[in-house]
Amino acid sequence: NEPSIVGDELKFIEDAISRQQLSGDGYYTELCQNWINQKVGCAASLLTHSCTAALEMAVILAGVGPGDEVIMPSYTFVSTANAVVLRGGIPVFVDTREDTLNLDESLVEAAITDRTKAIMTVHYAGVCSELQALKEICEKHDLFLIEDAAQALGSTYFGAQAGSIG
C-alpha cells in the first residue's frame with residue numbers, strides 16, 4: 001500500500017501543516033465541498049470522514065430506531081447493516097441483480113412490512129441502482145430512500161447525480 005505521488009500532493013500536505021489545519025472544516029475541506037457542489041450540482045455538501053459515517057448520519061436523519069426495518073442489498077459492505085443495527089434497527093437483506101450487483105428492485109416490495117422505515121440502496125462499482133422504481137416504491141409506502149453512493153461519485157442516473165435522488 002505505497003502512496004503514489006502524481007502531482008502537488010506533498011505541497012498540499014505541507015500547506016495544510018503550515019495552516020495548522022489537518023482535519024475538519026479547514027481550507028481543503030471547503031475546496032473539496034465546493035468541487036463536489038459543482039460536480040454534483042447541489043447547493044451544499046457535507047464531507048464526512050467516511051461513507052460509514054455518512055450512512056450512520058442518514059439513518060439517524062431518517063429516524064430509524066429500535067425495531068425499525070431497513071431494506072438493503074444482500075451484497076454490500078458491513079457498514080450498510082451496521083448503520084442500522086447501531087440505531088437498534090433491523091437490516092432486511094434482499095438479493096441483488098446479476099447484471100449490476102445492485103439491489104433487485106423487483107424483490108423489494110415483497111420485503112416491506114409495517115415496520116419498514118427505509119430502503120437503502122448501494123450503487124455498486126459506479127453503476128446506479130434502478131432509482132425510479134425504488135423511488136416509486138418509497139413514495140407508495142411512505143419510506144425513506146437512502147443512497148450509498150460511495151462508489152459512484154460522478155455517476156448519473158438519467159442525468160441526475162448518484163446520491164441526489166434519495
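General observations
- Evaluated over the chain, the count of Lys pairs having alpha-carbon atoms less than 28 Å apart is 4 (only pairs 8 or more residues apart or interchain).
- Taking the DSSP bridge list for the stretch 9-166 and keeping only pairs wholly inside it, about 20 percent are antiparallel.
- Note on the chain: with a GNM built from Cα contacts shorter than 10 Å, the maximum mean-square fluctuation among A111, A44, A54 falls on A44.
- C-alpha long axis of helix 131-141 to longest principal axis of the chain, angle in °: 50
- The stretch 68-84 - phi-based ³J(HN,Hα) in whole Hz, Karplus 6.51/-1.76/1.60, Gly and Pro as x: 6, 9, 10, 7, 8, x, 6, 9, 7, 7, 4, 4, 4, 6, 4, 4, 7
- Calculated log₁₀ intensity ratio I(q)/I(0) where the Debye formula runs over C-alpha points of the stretch 19-78, q = 0.14, 0.27, 0.28 Å⁻¹: -0.59, -1.15, -1.18
- Listed residue (S74, A53, S106) projecting farthest to the positive dipole end of the stretch 1-108, Cβ model: A53
- Tilt relative to the chain, helix 27-40 - C-alpha long axis, 0 to 90 degrees, to 10: 50
- Of the labelled figures (i) 9.7; (ii) 8.8; (iii) 11.4, only one reflects mean projected area of the Cα convex hull in nm² as derived from the coordinates, namely (iii).
- Per-residue SASA entry for Y28, accessible area with 1.4 Å probe, Å² rounded to 10: 60
- Of the residues A81, A43, A53, the one that moves most in a GNM of the chain with alpha-carbon contacts below 10 Å is A43.
- In this structure the stretch 21-145 gives 56 Å² per residue of accessible area when probed at 1.4 Å with all protein chains present.
The values are calculated or read from the model by the stated rules, or taken from the named source; none is laboratory data. Not measured: the values here are computed from a predicted model. Quick reminder, even Gly has a Cβ in these numbers, built from the backbone with ideal geometry, and neighbours come from all protein chains shown. These accessible areas exclude ligands, DNA and RNA; they are computed on the full protein's heavy atoms, side chains included. Shrake-Rupley method; radii C 1.70, N 1.55, O 1.52, S 1.80 Å.
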